[in-house]
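A.B. asks: Quick one: structure below, then a few questions.
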Amino acid sequence: MKLKGTNIVIDTAWGDSGKGKFVDVFSGDADLVVRFNGGANAGHTVVNDYGEFKFHLIPTGIFNPDALSILAGSVAISPLTLVDEINELREKGVAISEKNLLISEYAHMIMPWHIARDNLRESARGDAKVGTTGRGIGPLYADRTERVGVRMGDMLKKNFEEIILRELDWQTKLITLMDTEEPSPYLESLSPEKVLADFRAVQEILAPMIGNPLPIIWEAQKAGKEILGEGAQGILLDIDLGTYPYVTSSHPGVTGFSIATGLQQNDISRVIGVTKAYQTRVGEGPMPTELLGEIGDKLRELGNEYGATTGRPRRCGWLDLPSLRYSLQVGGVNSIALTKIDVLDGMDEIKICTHYEYNGKKYDTLPTADAAFMAEAKAIYEMMPKWDGATFGVKDFADFPQEAQDYVKYIEDSVGVPVEIISNGPAREEVFYRI
Ligand code: GDP
Ligand code: IMO
Ligand code: MG
């Protein structure tokens, strides 16, 4: 599928809407593919001729041998996870070298202490936990904001080990205070010998790929080349605009792309909002349309809704238009890519949340992402006609059952953004342009 200029793929909900699939589909013609936020908390599934992959860090554009895949400076990089991914891809015949993968020297590294702090904090929160992926994301971004930590560029320095040991010393003191368990499993993971051995093992593999992507991005943009931004997580998980505090620590929308690349709104041709035909969420936090009974279980089974990173069952519910309208607004989305409509083929009833009620007032759009509002908001539904027959793999919108066509039209009319692309199966081919 052909795009022109700079396009960004973002997720309009709480993640897992199918971004990986679209980046794979679009990156066939891309010159640069830029992953711009989050870290190995992401799990982006790609099903193509090479097999099925769950990417946590590497941009899914890596399958295009002519594109340069970039991990931007605002990505939280676990060097160990990254090397595991590189090895897995190489084993499956995908060539990866400094020719097609560039890692920003400015990106901070997830170290074992971030993972320890993430898990210790979650346990200490008890019932008030966020339900993080346990990948060290919050502590990494906290350190970055505090202007401490180890960056990918440090791997190129002669005193790399000294930098690690200095930081390890400080972090060990912190974790000794946090972890009261005897013996502490986390402190074991921080033994200097182990930490150094792990990082020595990956240094040689990653060092040739580390550099400064910014001038390359700017030149490509000026030359009118095709740049594809790959967002991780979703707008409702944005640290500032998401359902705080049940959010991640980065910016999954256009803002995140701009911070990462220095390209601004005027440089961006299109923001594609990947939207699942129903709602899912992993981890804690309010979800007004959550279905706790049999119907939710059925959506989970038909949609195979289990986390690509942690394997946790995803919470499932009906499509939530008030939160979608909010995401489209704050995400600057001008084109919707609707996914997983085929999952609704198997449902005996289909509903859509048209608005919320809160304190006796009607809300068409989520007025604030504050979790407390969402927790109290009552979802009001409209019953949609179910359909017989299938949308799965169908190539032409006109061949969808009429009720499925109406479902799609209902969404775009309700939110005022066109559904331009439809995905109706996990594989690369199961997608078409509608407009
Ligand atoms: P991401 O994090 O947004 O990239 O999404 P995930 O990979 O975490 O979750 C999306 C899941 O849905 C994956 O298992 C995909 O293979 C699958 N998927 C993507 N698009 C479709 C679709 O249109 N239909 C079906 N049935 N599955 C899809
Ligand atoms: P992709 O890119 C779904 C959720 C976690 C948790 C919250 C904070 O695959 O869509 P964190 O580990 O980031 O501190 O966890 O955010 N979360 C995701 N949920 N998809 C993701 O990524 C997610 N990344 C983080 O479940 O609720
Ligand atoms: Mg995912």
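The values are calculated or read from the model by the stated rules, or taken from the named source; none is laboratory data. Computed from a prediction, not measured in an experiment: that's the story for all the values here. Counting neighbours? That spans all protein chains shown, and the Cβs are built from the backbone with ideal geometry, glycine included. SASA here: full protein model, heavy atoms, side chains in, ligands and nucleic acids out. Shrake-Rupley method; radii C 1.70, N 1.55, O 1.52, S 1.80 Å.
Every residue, every condition in (1) open to solvent by less than 60 Å² (accessible area, probe 1.4 Å); (2) within 16 Å of ligand 3 (Cβ to nearest atom); (3) farther than 19 Å from Gln279 by Cβ, yes or no:
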| position | (1), (2), (3) |
| --- | --- |
| Lys362 | no, no, yes |
| Trp387 | yes, no, yes |
| Ala390 | yes, no, yes |
| Val415 | yes, no, no |
| Val419 | yes, no, no |
| Asn424 | yes, no, no |
| Tyr433 | no, no, yes |
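A.B. asks: While we're here: Taking the condition assigned by TED's automatic domain parsing to the domain that holds Thr243, within 16 Å of ligand 3 (Cβ to nearest atom), touching a strand residue (DSSP E or B) at 6+ places or on another chain (Cβ under 8 Å) and of a type in the set (A, V, I, L, M, F, W, C), does Leu57 pass?
C.D. replies: yes
A.B. asks: Same structure, new question: Scan (1) on the phi < 0 side of the Ramachandran plot; (2) at pLDDT 95 or above; (3) not assigned by TED's automatic domain parsing to the domain that holds Ser250 for the single condition Ala124 breaks and write down its number.
C.D. replies: Only one criterion in (1) on the phi < 0 side of the Ramachandran plot; (2) at pLDDT 95 or above; (3) not assigned by TED's automatic domain parsing to the domain that holds Ser250 is unmet by Ala124, namely (2).
A.B. asks: Please state which of the following conditions Asp238 fails to meet, knowing it meets all the rest: (1) among the acidic types (Asp, Glu); (2) surrounded by fewer than 21 Cβ atoms within 10 Å (Cβ to Cβ); (3) under 30 Å from Ala377 (Cα atoms).
C.D. replies: Status for Asp238: all satisfied but (2).
A.B. asks: Then there is this: Give all pairs with beta carbons closer than 9 Å in which a residue from segment 255-272 that is more than 17 Å from Ser69 (Cβ to Cβ) meets a residue that is of a type in the set (Lys, Arg); count only pairs at least 6 apart in sequence or on separate chains.
C.D. replies: Between residues of segment 255-272 that are more than 17 Å from Ser69 (Cβ to Cβ) and residues that are of a type in the set (Lys, Arg), the close pairs are Ser269/Lys4; Arg270/Lys4.
A.B. asks: Suppose we keep only residues that are open to solvent by 10 Å² or more (accessible area, probe 1.4 Å) and not acidic (Asp, Glu) within segment 45-61. Which one would you say is nearest to Lys276 (Cα to Cα)?
C.D. replies: Thr45
A.B. asks: Here's another thing I want to ask about it. Report, by residue number, each residue of segment 103-148 that is in a helix (DSSP H, G or I) and of a type in the set (Asp, Glu).
C.D. replies: Matches in segment 103-148: Asp118, Glu122, Asp127, Asp143.
A.B. asks: Taking the stated definitions as given, is Thr339 among the β-branched types (Val, Ile, Thr) and open to solvent by 20 Å² or more (accessible area, probe 1.4 Å)?
C.D. replies: When the stated conditions are applied, Thr339 does not pass them.
A.B. asks: Here's a check for you: in segment 1-20, which residue that is closer than 22 Å to Ile103 by Cα and within 11 Å of ligand 3 (Cβ to nearest atom) is surrounded by the most Cβ atoms within 10 Å (Cβ to Cβ)?
C.D. replies: Ranking the qualifying residues of segment 1-20, first place goes to Lys19.
A.B. asks: Next up: Among the candidates Ala30, Ala42, single out the residue that is modelled with pLDDT of 95 or more and within 13 Å of ligand 3 (Cβ to nearest atom).
C.D. replies: Ala42
A.B. asks: Limited to segment 152-185, what total is found for residues that are touching a helix residue (DSSP H, G or I) at 6+ places or on another chain (Cβ under 9 Å), open to solvent by 20 Å² or more (accessible area, probe 1.4 Å) and under 13 Å from Gln203 (Cα atoms)?
C.D. replies: 3
A.B. asks: Under 7 Å by Cβ, and 6 or more places apart or on different chains, what pairs join a residue from segment 66-78 that is within 14 Å of Leu214 (Cα to Cα) with one that is hydroxyl-bearing (Ser, Thr, Tyr)?
C.D. replies: From residues that are within 14 Å of Leu214 (Cα to Cα), the pairs are Leu71/Ser104; Ala72/Ser104; Ala72/Thr261; Gly73/Ser104; Gly73/Tyr106; Ser74/Ser250.
A.B. asks: Suppose we filter Ala13, Ala67, Ala116, Ala124 for residues that are of a type outside the set (Lys, Arg), under 27 Å from Glu219 (Cβ atoms) and out of contact with any Cys (no Cβ under 6 Å at 6 or more places or on another chain); which single one remains?
C.D. replies: After ruling out the rest, the residue left standing is Ala67.
A.B. asks: Limited to segment 259-300, what total is found for residues that are closer than 30 Å to Leu32 by Cβ and open to solvent by 20 Å² or more (accessible area, probe 1.4 Å)?
C.D. replies: The number of residues fulfilling the criteria is 10.
This table checks each residue for (1) touching a strand residue (DSSP E or B) at 6+ places or on another chain (Cβ under 7 Å); (2) over 18 Å from Tyr326 (Cα atoms); (3) more than 16 Å from ligand 2 (Cβ to nearest atom).
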position	(1), (2), (3)
Leu228	yes, yes, no
Gln233	yes, no, no
Gly242	no, no, no
Gly253	yes, no, no
